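J.: Sharing a structure, written as structure tokens. Questions coming.
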Amino acid sequence: MREITIRRFILSIVVAGAVMALLPLVISTFTLTLLLIYGMLGMSLGLIWGFGGILCFGQAAFFGLGAYTYAVSAINFGESTLPMLTAILLPALFAAILGAMMFYGRLGDVYLGIITLVVTLIFFKFMNSTAGPEYVIGDARLGGFNGIPGYQTLNVPGLPDEYLFGDKLYYVTFVLLVITYWLVNWLLASPFGRVAVAIRENEQRASLMGYDVRVRKTILFAAGGAIAGLSGALFANWAEIVTPSLFSLGQTAEIIIWCIVGGLGTRLGPLLGAAGLAYLKFLLGQQMFIDNAIIMGLILVLFVLFLPKGLVPAIESIWLLVANKFRGRVQPYPNKAGASSND
């Protein structure tokens, strides 16, 4: 079993390396970096919702919090290493506190969704109202609806003048996405991850078996917040400006659509759904005939009606069906006595 895991790991690294090298031949690295960031953000909600059964409308809050934390920290510290770490830890801590309040309060799924949505809207409203000079954190002005521009972007650790932008930022983002993906795989393959899936399937039964459901949900919620914070920090480096639109209702809805279209309960589904729909939105943005929101809404309706499990599970089902039919057609060669070679 261990040898199979090692082989899969090596194979995945080889495939990831080939994809990383080939994608810039088709799409510019500037666009690819954004798609990878959105893929990481979709994966964060896929972990919480798809494997933990926690419908969270607050992923945009963790995403925006990570971006703003990086921007404020970069202005105050200058070098990007500490701001990147802070942008991961602060959303994780905030998610842990928020999750503990909700899960130990024994709130139902509907109330969980409402509270996380309200938290996101509070962030959006507050950040839009911080235009005055009194809204300052150290040397960083929050800027209200204009956001925060002009901060130190990603650099080589310890070398503030060695910036990582353009193609370099793309490669760094790709590597971080692969590392995050494998950390999520490791978490889900661990006893903690298996119990989390059991809680998703039947929370009461898992509780009766002696597992502390509230603690495990809180940890999983914090892990999703950390991944969203990392994606927010990378977005801040890509855009070189952060604005309150990161907390918007539209951003929140898009993340949920990414997961539904890609396929909940799968590791690659939310990632591919986020990257694919983000690229489709990029292509649609080059035309003025149809509103992008209408297209996204139509895609969501079509998938809910005809592919409720998402794109990745549908592809897996088709692949298994074709493979089984192919195997059924392959008959063993008979030997000279008329019996099959397997007899």
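J.: Restricting attention to region 238-253, which residues are under 15 Å from TYR38 (Cβ atoms) and open to solvent by 10 Å² or more (accessible area, probe 1.4 Å)?
T.: Of everything in region 238-253, those that are under 15 Å from TYR38 (Cβ atoms) and open to solvent by 10 Å² or more (accessible area, probe 1.4 Å) turn out to be TRP238, ALA239, SER245, SER248, GLY250, GLN251, ALA253.
J.: Could you figure out which of (1) free of Cβ contacts under 8 Å to residues at least 24 places away in the same chain; (2) closer than 20 Å to LEU284 by Cα isn't true of ILE37?
T.: (1)
J.: Return a yes/no flag: does region 44-64 have any residue that is open to solvent by less than 10 Å² (accessible area, probe 1.4 Å) and over 25 Å from ALA253 (Cα atoms).
T.: No - not one qualifying residue is present in region 44-64.
J.: Taking the residues in region 104-148 that are out of contact with any Pro (no Cβ under 9 Å at 6 or more places or on another chain), surrounded by 19 or more Cβ atoms within 10 Å (Cβ to Cβ) and not aliphatic (A, V, I, L, M) as candidates, determine which candidate is farthest from GLY52 (Cα to Cα).
T.: Filtering first and then ranking leaves THR120.
J.: Mind listing whichever residues of region 149-161 are surrounded by 14 or more Cβ atoms within 10 Å (Cβ to Cβ) and either at pLDDT 90 or above or in a loop (DSSP other than H, G, I, E, B) (or both)?
T.: Result: TYR151, GLN152, THR153, LEU154, ASN155, VAL156.
J.: Which residue pairs have Cβ atoms under 6 Å apart, sit 6 or more places apart or on different chains, and have a first residue in region 211-239 that is in a loop (DSSP other than H, G, I, E, B) and a second that is surrounded by fewer than 22 Cβ atoms within 10 Å (Cβ to Cβ) and hydrophobic (A, V, I, L, M, F, W, C)?
T.: Listed pairs, sorted by first residue: TYR211/VAL195.
J.: Another question, then. Give the residues of region 162-191 that are part of a helix (DSSP H, G or I), open to solvent by less than 40 Å² (accessible area, probe 1.4 Å) and not hydroxyl-bearing (Ser, Thr, Tyr), sorted by residue number.
T.: Within region 162-191, LEU169, PHE174, LEU177, VAL178, VAL184, ASN185, LEU187, LEU188 meet the criteria.
J.: Which of the residues spanning region 267-318 are in a helix (DSSP H, G or I), of a type outside the set (A, V, I, L, M) and more than 16 Å from the chain's Cα centre (by Cα)?
T.: Answer for region 267-318, where residues must be in a helix (DSSP H, G or I), of a type outside the set (A, V, I, L, M) and more than 16 Å from the chain's Cα centre (by Cα): LYS281, PHE282, ASN292, GLY297, PHE303, PHE306, PRO313, GLU316, SER317.
J.: Separate question: Please determine, by comparing only the residues of region 66-99 that are touching a Phe, Trp or Tyr at 6+ places or on another chain (Cβ under 6 Å) and open to solvent by less than 40 Å² (accessible area, probe 1.4 Å), which one is nearest to LYS217 (Cα to Cα).
T.: GLY99
J.: Does any residue of region 96-115 turn out to be touching a residue at least 24 places away in the same chain (Cβ under 8 Å) and under 14 Å from LEU230 (Cβ atoms)?
T.: No, every residue in region 96-115 fails to be touching a residue at least 24 places away in the same chain (Cβ under 8 Å) and under 14 Å from LEU230 (Cβ atoms).
The values are calculated or read from the model by the stated rules, or taken from the named source; none is laboratory data. Note that the coordinates shown come from a computational prediction; the quantities given were computed from them, not determined experimentally. No Cβ is skipped: glycine too gets one built from the backbone with ideal geometry, and neighbour counts run over all protein chains shown. Quick note on the areas: whole protein, heavy atoms, side chains included, nothing else; ligands and nucleic acids left out. Shrake-Rupley method; radii C 1.70, N 1.55, O 1.52, S 1.80 Å.
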